Amino acid sequence: MMKKLPIDVVIYVLLKFPVKSLMRFKCISKALYILILNNTFVKLHLNRITSTKDELILFIRTFREEPEQLKSIASFFSCDDNNDLHTLHPDLDVSDLTSSCCTIFNELIGPCHGLIALADSFIIIILNPSTRKYVVLPPSPFECPKGYHRSVEGIGFGYDPIVNDYKVVRLSDVYWDPPTDYFGPREPKVDIYDLGIDSWRELDLEFPTIYYLPCSEMYYKEAIHWFIIAETVVILCFDISTETFRIMKMPGTCTLLDGPRYGLAVLNEHLTLICYPDPMCSIDPSEDFIDIWMMEKYGASESWIKISTIRPVPIPIESPLAIWKDHLLLLQTKGGFLISYDLNSDEVKEFNLNGHLESLRVIIYKETLTTISRISEHGTQVERF
């Protein structure tokens with residue numbers, strides 16, 4: 001085929017195939033192998049025209065098998081026109097890729113060119129769910145001196161177009177750790193891992209206290225976003241290229257510490273803020289509501305507009321997880337189940353998917369051929385799951 005057809009026609013045809021088929025095509029001939037793995041073709045595949053129908057879901061949940069033992073399962077789904085989930089691959093046991101001490105801090109961050117970071121307080125993994133390849137990052141070498149305690153407060157992952165490299169950002173607080181209830185003054189630390197050189201480095205930067213919430217770490221517009229506690233709650237942004245922090249204000253009604261809780265998502269390619277009732281304080285579900293705000297112009301705090309209010313909340317929820325197909329709000333309930341709420345029709349759908357309380361994590365992604373390169377023979381190894 002490649003000998004008879006112009007190369008641009010071959011590329012046009014190949015771009016119509018899913019990644020699974022392209023991975024098989026590599027075995028047909030050396031010419032196809034070289035073409036499909038070529039950086040130009042990978043970029044063309046990344047930038048091809050797609051729609052919300054091409055969205056896939058990576059869903060991770062954790063079960064407590066024994067009092068001190070946790071089991072984490074990753075599931076991969078596509079969807080149909082009825083918004084039902086269909087399994088793409090068999091469930092994957094990722095217990096060995098996550099720590100076993102806690103489920104609350106487990107995070108899915110991205111996607112960034114189809115790559116996703118799976119992180120907790122101890123382990124960080126970069127994976128491409130389309131090619132089913134991953135790499136476990138080496139631990140940061142920046143440890144605490146004796147008598148001090150390091151608390152990881154936030155993780156970020158993104159792409160730096162200036163140096164053409166992917167970076168992981170780790171925000172930590174270091175405290176004096178005496179045998180009393182007072183932990184001494186807080187010292188913030190910022191670590192950066194560069195995938196291109198397979199190495200960690202430390203930045204001399206300070207940041208306010210991170211306000212950690214599920215669905216609160218968002219990669220968008222080449223920046224990583226967290227909530228922080230200043231005088232009120234605001235959004236902290238870390239620009240991947242300049243490696244600097246900046247602040248974005250939230251809508252005036254969404255800044256209180258003792259009011260609702262907050263999540264970040266992307267809706268119609270806009271940064272979106274979800275204000276939802278605190279599950280620890282909610283008493284009467286009929287009085288609860290969820291407000292959804294969209295930032296019309298990124299970076300302009302005055303451009304926040306409220307686009308939807310859900311009242312009453314149909315099922316008591318723990319937290320939002322993601323916005324799927326630009327109209328389905330995915331949530332985890334207080335009972336640990338995954339549900340969707342249709343922002344257009346108000347329809348609620350409960351899926352037969354559940355896990356340990358607060359352990360559900362969802363990320364929406366599209367198929368890409370983005371590779372995770374091994375730096376050297378003795379560098380971090382790329383594995384396949």
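Identify the single condition in (1) part of a strand (DSSP E or B); (2) at pLDDT below 85 that residue 60 does not satisfy, given that it satisfies every other one.
Checking residue 60 against (1) part of a strand (DSSP E or B); (2) at pLDDT below 85, the one that fails is (2).
Search segment 111-153 for residues being small (Gly, Ala, Ser) and at pLDDT 90 or above, and hand back the single one that is farthest from residue 57 (Cα to Cα).
Step by step, filter segment 111-153, then rank; the result is 117.
Given the conditions (1) assigned to a helix (DSSP H, G or I); (2) modelled with pLDDT of 90 or more, and given that residue 9 satisfies all but one, which numbered condition is not satisfied?
Only one criterion is unmet by residue 9, namely (2).
Out of (1) modelled with pLDDT under 90; (2) of a type in the set (Val, Ile, Thr); (3) touching a helix residue (DSSP H, G or I) at 6+ places or on another chain (Cβ under 9 Å), what's the single condition that is false for residue 42?
All conditions pass for residue 42, except number (1).
Hey, any hits in segment 35-52 for a residue that's over 25 Å from residue 116 (Cβ atoms) and more than 26 Å from the chain's Cα centre (by Cα)?
yes
Which of the following residues is in a strand (DSSP E or B), at pLDDT below 90 and touching a His at 6+ places or on another chain (Cβ under 8 Å): 70, 108?
Details: 108 fails: touching a His at 6+ places or on another chain (Cβ under 8 Å).
Answer to the selection: 70.
Since residue 196 meets every condition but one in (1) of a type in the set (Gly, Ala, Ser); (2) in contact with a Lys or Arg (Cβ under 8 Å, 6 or more places away or on another chain); (3) in a loop (DSSP other than H, G, I, E, B), which condition does it not meet?
Tallying (1) of a type in the set (Gly, Ala, Ser); (2) in contact with a Lys or Arg (Cβ under 8 Å, 6 or more places away or on another chain); (3) in a loop (DSSP other than H, G, I, E, B), residue 196 fails exactly one: (2).
Given 22, 44, which one is aliphatic (A, V, I, L, M) and within 17 Å of residue 129 (Cα to Cα)?
Within the list 22, 44, the selection yields 22.
Among strands (runs of 3 or more DSSP E) lying entirely in segment 326-366, which contain 3 or more residues that are not assigned by TED's automatic domain parsing to the domain that holds residue 272?
none
Looking for whichever is on the phi > 0 side of the Ramachandran plot and touching a strand residue (DSSP E or B) at 6+ places or on another chain (Cβ under 6 Å) here; the options are 237, 215, 254. Which one fits?
215
Quick one: is residue 320 modelled with pLDDT under 90 and within 24 Å of the chain's Cα centre (by Cα)?
No, not satisfied.
Which residues, taken from segment 75-86, are free of Cβ contacts under 8 Å to residues at least 40 places away in the same chain and under 20 Å from the mean Cα position of the chain (by Cα)?
77, 78
With crowded, with 17+ Cβ neighbours inside 10 Å and either touching a residue at least 40 places away in the same chain (Cβ under 8 Å) or over 14 Å from residue 366 (Cβ atoms) (or both) as the only criterion, which of 37, 46, 5, 58 stands out?
When all the criteria are applied, what remains is 58.
The values are calculated or read from the model by the stated rules, or taken from the named source; none is laboratory data. Quick caveat, the model's predicted, so the values are computed rather than measured. Cβ: placed from backbone, ideal geometry, glycine included. Neighbour counts: every protein chain shown.
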